[in-house]
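Nothing in this text is a laboratory measurement; each read-out follows from the coordinates by a stated rule. These numbers were taken from a predicted model, which means no experiment stands behind them. Heads up, the Cβs are rebuilt from the backbone with ideal geometry, glycines too, and the neighbour counts pull from every protein chain shown.
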Amino acid sequence: MIWTILGLTAGAALTMAMLAKLSRNAPDGMGLQEGMLAPLPASPNGVSSQSSKPQHAVAPFSFKKNPDQALLKLKAVLSEFPGTTLVTSDARYVRAEFKSPLFGFVDDGEFLLDGSVIQVRSASRVGKHDLGANRKRIEHLRGLFEGTDP
C-alpha cells in the first residue's frame, strides 16, 4: 500500500515537473494581431478584455491620468508583482510572464493601451484548466493598478 502511494506521488511530481518544463517556451501568435491582442485558445484557462465569450471575458483596466502615465504605472505594478518578468514593451504594448511559485508554470500576460483603457489578456501555456488563476491574477493586478488591492 505504501509503495502504491509513493509511486503515485512520484508519478504526479514527475508529471508536474514535465508540464512546468513545457510551459517555459512562449507560444506562437503572441503580440498584436491587426491592432488587437491575440485571441485566446478554446480552453478555459485564460481571460481577455477583448473576448466576446463569457467564460473568457474580463473588463479592461481603466485610468484617469494621461496614457503615458498609465503605462508607466502598469509597468511599475508588474515589475513589483511576485513571479513576474517584463518581456517586452513599447509605447502601447506590454508583455509579461507570470511564474507560479509552487510548480514554476509560466503564464503569459499582455496589455494594450487602447484609448482611455488598457486591454488585458492572461493565459496559461499548458493544461486545460487553471482553477481561475488567470482571472484572479488580472483582478489582483487591476486592484493594484486602479488603486485598491482586493
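A few points about this structure:
- At q = 0.10, 0.11, 0.16 Å⁻¹ the log10 of I(q)/I(0) for segment 31-146 amounts to -0.26, -0.31, -0.68, computed by Debye summation with a single uniform scatterer per C-alpha, solvent ignored.
- Förster radius 22 Å - calculated FRET efficiency between L131 and I5, Cβ distance, rounded to 0.05: 0.40
- Evaluated with a Cβ-only charge set (Lys, Arg +1; Asp, Glu -1), segment 23-99 carries a dipole of roughly 220 debye about its Cα centre, given to the nearest 20.
- A simple spin-label model places the labels of S100 and H140 1.2 nm from each other, with each point 7 Å out along Cα-to-Cβ.
- Extension gain for the segment R92 to Q33, taken as residue separation times 0.36 nm less the Cα-Cα distance, is 19.9 nm to one decimal.
- Sequence-separation-based contact order of segment 31-146, relative, with Cα cut under 8 Å and 6+ spacing, percent: 30
- Relative packing of 105-111, 135-141, which averages over residues the other C-beta atoms within 10 Å, highest first: 105-111, 135-141
- Cα-centred dipole magnitude for segment 31-146, charges only on beta-carbon of K, R (+1) and D, E (-1), debye, nearest 20: 220
- Fewest neighbouring Cβ atoms within 10 Å first, the residues M1, M36, M30 line up as M1, M36, M30.
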